[in-house]
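The values are calculated or read from the model by the stated rules, or taken from the named source; none is laboratory data. Remember, it's a predicted structure, so these values are computed and weren't measured experimentally. Here the Cβ positions follow ideal geometry from the backbone for every residue, glycine too, while neighbour counts run over all protein chains shown. SASA here: full protein model, heavy atoms, side chains in, ligands and nucleic acids out. Shrake-Rupley method; radii C 1.70, N 1.55, O 1.52, S 1.80 Å.
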Amino acid sequence: MLFPGSHLLSISQFDRGAVDRLFEVADRMRPYAHRERVTRVLDGAILGSMFFEPSTRTRISFGSAFNLLGGEVRETTGFESTAIAKGESLFDTARVLSGYSDVIAMRHPAEGSVAEFAQGSRVPVINGGDGANEHPTQALLDLYTIRSELADRGRTLDTLRVAMVGDLRYGRTVHSLSRLLQLFKGVKVNLVSPPELKMPREIVEELASGGHQVLETDSLEVGIADVDIVYSTRIQEERFASRAEADLYRGRFRLNQVIYTAHCEPNTVIMHPLPRDSREGAQELDVDLNDNPNLAIFRQSDNGVLVRMALFALILDVAEQIDDHSRRVNWYTERRF
Ligand code: CP
């Protein structure tokens, strides 16, 4: 069963009912995430946050989400600051840390590592990204964002048309998102990548066998021509043998305002899990798109807090108690959302 007391290790644990439930709770988190109200529903609870790879959005938004529900965060970043550097196993680490926490969020560079950790944990574990494998909470916030952006355009998730662009081989966000989209009907997915960085075959086959339309191409212009969403990704340099090898692909698919105007339908939504690579020679999403109202990347990162608050509320089984423990904020807040 997904939710009260369960681990979240793979997006495959979700069915449509669970997605609907999560999004219904996420919608209710808005006054808290937007600092209009505070709730103390998780007063006394502790999140163990363990990030063994760099992270800005996932780590901070998990922590913010827990704090916004009234809980506290104990954080570890990097192997060198834990006893794993002295040879302690993931199982023993999990056994110990789950004695200090009520729920644990974890990122690790090895595929399957978070599931291995969860086997030793006495509390729910949430996968914040395990190597090139999965990033389930990113897929959930991506889908929440797609749903919201489509609703503004009078469209729904069934019959969605999406282009995923860039490093589809190592990009764990597109792996999880592709699997999540299989829950919907008649989805069309254009997969735009260099031949060497194609989406893993099993994921393409899952999409196709589910009756979805899949186009694989190495042409950006072809891939982005007839879609509702362009979902751009960074070359996952950290998964390559060397920086020089990553350089072979960096900057191959750059979306800028000129290309957008020439090839995308009007109002095509632009998304990216972030970070976008803004270095010279990369720039898969040009900064000249920053004034384009269809650029949803920062609405997307804001939504990470709503979705992660909802996940904590459901896993710790307090979703129906949040408003009972709430009040208006005391301080003046300019509207930032
Ligand atoms: N999207 C994402 O996972 O970003 P971070 O690496 O900054 O957490």
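Details
- Heavy-atom SASA rank of D228, D247 (probe 1.4 Å, accessible area, largest first): D247, D228
- Relative contact order computed over the chain (Cα-Cα under 8 Å; 6+ residues apart), in percent: 22
- In sequence order, region 20-27 has phi-based couplings of 4, 5, 4, 5, 5, 5, 4, 4 Hz under the Karplus curve 6.51 cos²θ - 1.76 cosθ + 1.60, θ = phi - 60°, and Gly or Pro positions carry x.
- Expressed as a fraction of 2.2 N^0.38 Å, the value expected for a compact globular protein of N residues, the C-alpha radius of gyration of region 189-244 is 1.26.
- Inter-part distance, region 188-224 to region 98-175, computed on C-alpha centroids, equals 19 Å.
- Between helix 57-68 and the chain there is an angle of about 40 degrees, using the helix long axis and the longest principal axis of the Cα atoms.
- Using θ = phi - 60° and Karplus 6.51 cos²θ - 1.76 cosθ + 1.60, couplings along region 269-281 (whole Hz; Gly, Pro as x): 7, 9, 10, 6, x, 6, x, 7, 8, 8, 6, 3, x
- At a probe radius of 1.4 angstrom, the accessible area of region 136-298 per residue rounds to 40 square angstrom.
- Computed E for N256/T159 - FRET, C-beta separation, R0 30 angstrom, nearest 0.05: 0.60
- For D15, D324, the ranking by accessible surface with the largest value first comes to D324, D15, using a 1.4 Å probe.
- Partners of K185 within straight-line reach, counting aspartates and glutamates whose Cα lies under 12 Å from its Cα and excluding those fewer than 8 residues away in the same chain: D158.
- Sequence-distant residues sharing a close amide H with R37 (under 5 Å, placed H): Y32, V329
- Amide H contacts for L285 (H built 1.01 Å from N in the peptide plane; partners 5 or more residues away or on another chain; cut-off under 5 Å): L255, D277.
- Solvent-accessible surface (1.4 Å probe) assigned to S6 amounts to roughly 10 Å².
- Here the accessible area of the chain is 49 percent carbon and sulfur, with a 1.4 angstrom probe and all protein chains present.
- Under the simplified labelling scheme, the S278-E196 pair shows an inter-label distance of 2.8 nm, with each label point 7 Å from Cα along Cα→Cβ.
- Helical contribution to [θ] at 222 nm, DSSP H n ≥ 4, -39,500 (n - 2.57), averaged over the chain, rounded to 500: -10000 deg cm²/dmol
- For region 136-298: relative contact order, % (alpha-carbon pairs under 8 angstrom, 6 or more apart): 22
- Whole-Hz couplings from phi, Karplus 6.51/-1.76/1.60, listed for region 83-88; x for Gly and Pro: 6, 4, 5, 9, x, 5
- Degrees separating the helix 136-152 axis from the principal Cα axis of the chain, which is the longest one: 60
- Using C-alpha pairs below 8 Å separated by at least 6 residues, the relative contact order for region 245-337 is 26 percent.
- Options F14, G70, Y32, ranked by Cα towards positive dipole end of region 1-78, top entry (Cβ charges): Y32
- At q = 0.08, 0.14 Å⁻¹, base-10 log of I(q)/I(0) for the chain (Debye sum, equal scatterers on each alpha carbon): -0.37, -1.16
- Largest accessible area first, the residues T77, T145 order themselves as T77, T145 under a 1.4 Å probe with ligands, DNA and RNA left out.
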